[in-house]
1. Cβ contacts < 9 Å: first residue at pLDDT 70 or above, restricted to the stretch 39-60; second residue in a loop (DSSP other than H, G, I, E, B) and loosely packed, with under 10 Cβ neighbours inside 10 Å, any location; separation 6+ or different chain. Result?
2. Of all the residues that make up the stretch 18-52, how many are surrounded by fewer than 10 Cβ atoms within 10 Å (Cβ to Cβ) and farther than 17 Å from Met1 by Cα?
3. Evaluate the stretch 1-17: report whether one residue or more is at pLDDT 80 or above, within 14 Å of the chain's Cα centre (by Cα), among the acidic types (Asp, Glu) and surrounded by fewer than 10 Cβ atoms within 10 Å (Cβ to Cβ).
Amino acid sequence: MDIIYEIRRRHSVQKQSISAIAREMGLSRPTVRKHLNTVEEPKYGRVQPSARSLASLKFS
């Protein structure tokens, strides 16, 4: 999440262009644009894998 704050700071405080931010941070311009347009931090959550039982597997 520090990347988002750094991108926003460079764009609003330092008045850097999207291209300059992308070049210096090693990101693509669409990624920089996406982070500038986000309202809140992305939420990451783990998805529980489906429970598989050995009974459902067929052994020969």
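1. Glu41/Met1; Pro42/Met1
2. 7
3. Our first condition is that a residue be at pLDDT 80 or above; within the stretch 1-17, this holds for 2-17.
Going one step further and asking which of them are within 14 Å of the chain's Cα centre (by Cα), we end up with 2-7.
Imposing the further condition that a residue be among the acidic types (Asp, Glu) reduces the set to 2, 6.
Within this subset, residues satisfying the condition of being surrounded by fewer than 10 Cβ atoms within 10 Å (Cβ to Cβ) are 2.
Yes; the residues of the stretch 1-17 include at least one that is at pLDDT 80 or above, within 14 Å of the chain's Cα centre (by Cα), among the acidic types (Asp, Glu) and surrounded by fewer than 10 Cβ atoms within 10 Å (Cβ to Cβ).
The values are calculated or read from the model by the stated rules, or taken from the named source; none is laboratory data. Computed from a predicted model, the values in this text were never measured in an experiment. Neighbour counts are summed over all protein chains in view; Cβ atoms, including those assigned to glycine, are modelled from backbone coordinates with ideal geometry.
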